[in-house]
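Asks: Starting off with a structure, shown below.
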Amino acid sequence: MAKIIAFANQKGGVGKTTSAVNVASALGIAKKRVLLVDFDPQGNASSGVGILKSQVKQTIYDVLIGRAQIGDTIMKTEYKNLDVIPSGLDLAAAELELAELDNRQNRLRDPLNEIKDKYDYIVIDCPPSLGMLTVNALTASDGVVIPMQCEYFALEGLSQMLMTVKQIKKLYNPSLSLAGILITMYNGRLNLSIQVLEELKKHYADKLFSTNVTRSVRLSEAPSYGAPIQYYDKNNKGAKEYKKITEEILERI
């Protein structure tokens, strides 16, 4: 029975999709059966594992509105043990449509429950918002990873994100846990990065992952080639960092 992990942060550009794709890939390499759910209308997680828009017939949007069975939307990737449910721009309309549906917070959880026995891990890449899509993702998940940069604005956003997790846990999903706070795009030569990390350690030491993801040109390039970093450049520092982070996730969830 699959464990479901959401990668969520209402702030964009924090390495959320990069982290979801590369953790999903690392889990597959570790011989786990993995499903990556692209839950962001931008569809970057889909393209990040080599799925072309021209190949996509049905997306997670069709599942949410009841137009497709979830099994019909799953696509194989060329990477080890890794399947994906793609997204598309039509998912942006789901925010409004979900508000009018019954049982709207469970529109993702119920379909995922139908296929949980086929996978070891299901990784959800959430949109950069705290709307109904993210509510659905967190309601469906066992744990949430919050990727964030070492910036002061990110600190402010973190408290809001943690409050949302607390509310979802209280209202819809008592088993939801905070799997960890993941520092991305880290530059240890910047005083700001060091100061923000120290501040995080004061308040969330037990929730921080022991490995940070450092800035890397190769890590940024990989999505444009439709490949996780482990396949684009397996010797890259980012590949080794995501391997360690994935090992820690396996311990935590």
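Read the figures in this text as sums done on the coordinates, not as results from a lab. Just so we're clear, the structure is a prediction, and the values are computed from it rather than from any experiment. Cβ coordinates were reconstructed from backbone atoms using ideal geometry, including for glycine residues, and neighbour counts include every protein chain displayed.
Asks: Here are some residues: Leu182, Leu178. Which one is farther than 29 Å from Lys53 by Cβ, outside any loop (DSSP other than H, G, I, E, B) and touching a helix residue (DSSP H, G or I) at 6+ places or on another chain (Cβ under 7 Å)?
Replies: Going through Leu182, Leu178 in turn, just one is farther than 29 Å from Lys53 by Cβ, outside any loop (DSSP other than H, G, I, E, B) and touching a helix residue (DSSP H, G or I) at 6+ places or on another chain (Cβ under 7 Å): Leu178.
Asks: Please verify whether Asn81 is surrounded by fewer than 19 Cβ atoms within 10 Å (Cβ to Cβ), under 20 Å from the mean Cα position of the chain (by Cα) and not small (Gly, Ala, Ser), treating the condition exactly as stated.
Replies: Taking the combined requirement at face value, the residue does not satisfy it.
Asks: Residues that are surrounded by fewer than 16 Cβ atoms within 10 Å (Cβ to Cβ): list the helices (runs of 4 or more DSSP H) wholly contained in segment 190-246 that include at least 2 such residues.
Replies: Values: elements: 191-204, 217-221, 229-232.
Result: 191-204, 217-221.
Asks: Pick from segment 48-96 the residues that are part of a helix (DSSP H, G or I), touching a residue at least 12 places away in the same chain (Cβ under 8 Å) and among the polar types (S, T, N, Q): which of them is nearest to Ser220 (Cα to Cα)?
Replies: Gln55
Asks: Would segment 161-177 turn up any residue that is farther than 21 Å from Ile122 by Cβ and surrounded by 15 or more Cβ atoms within 10 Å (Cβ to Cβ)?
Replies: Checked segment 161-177: at least one residue is farther than 21 Å from Ile122 by Cβ and surrounded by 15 or more Cβ atoms within 10 Å (Cβ to Cβ).
Asks: Only one of (1) within 21 Å of Leu130 (Cβ to Cβ); (2) of a type outside the set (A, V, I, L, M); (3) part of a strand (DSSP E or B) fails for Thr18. Which number is that?
Replies: Unmet condition: (3).
Asks: Six or more apart or on different chains, Cβ under 6 Å: which pairs go from a residue in segment 97-110 that's under 17 Å from Leu171 (Cα atoms) to one that's surrounded by fewer than 18 Cβ atoms within 10 Å (Cβ to Cβ)? Could you list them?
Replies: Going by the 6 Å Cβ cut-off, the qualifying pairs are Gln105/Tyr172.
Asks: Next question, about the same structure. Output the residue which, of all residues in segment 38-64 that are in contact with a Phe, Trp or Tyr (Cβ under 9 Å, 6 or more places away or on another chain) and farther than 26 Å from Thr211 by Cα, is surrounded by the fewest Cβ atoms within 10 Å (Cβ to Cβ). Working first, answer last.
Replies: Going residue by residue through segment 38-64, those that are in contact with a Phe, Trp or Tyr (Cβ under 9 Å, 6 or more places away or on another chain) are 41, 45, 49-50, 60.
The next check asks that each one be farther than 26 Å from Thr211 by Cα; those that pass are 41, 50, 60.
Numbers: Pro41: 21, Gly50: 19, Ile60: 29.
Among residues in segment 38-64 that are in contact with a Phe, Trp or Tyr (Cβ under 9 Å, 6 or more places away or on another chain) and farther than 26 Å from Thr211 by Cα, the one surrounded by the fewest Cβ atoms within 10 Å (Cβ to Cβ) is Gly50.
Asks: Hey, can you tell me all the residues within segment 9-48 that are touching a Lys or Arg at 6+ places or on another chain (Cβ under 6 Å) and among the β-branched types (Val, Ile, Thr)?
Replies: Here is the first cut: in segment 9-48, the residues touching a Lys or Arg at 6+ places or on another chain (Cβ under 6 Å) are 9, 26, 28-29.
Within segment 9-48, just Ile29 meets the criteria.
Asks: Further question: Mind checking which residues of segment 196-225 are under 20 Å from the mean Cα position of the chain (by Cα) and of a type in the set (Val, Ile, Thr)?
Replies: Thr211, Val213, Thr214
Asks: Can you tell me how many residues within segment 12-37 are surrounded by fewer than 20 Cβ atoms within 10 Å (Cβ to Cβ), of a type in the set (Lys, Arg) and either closer than 19 Å to Asp233 by Cβ or touching a Phe, Trp or Tyr at 6+ places or on another chain (Cβ under 8 Å) (or both)?
Replies: Here the count works out to 2.
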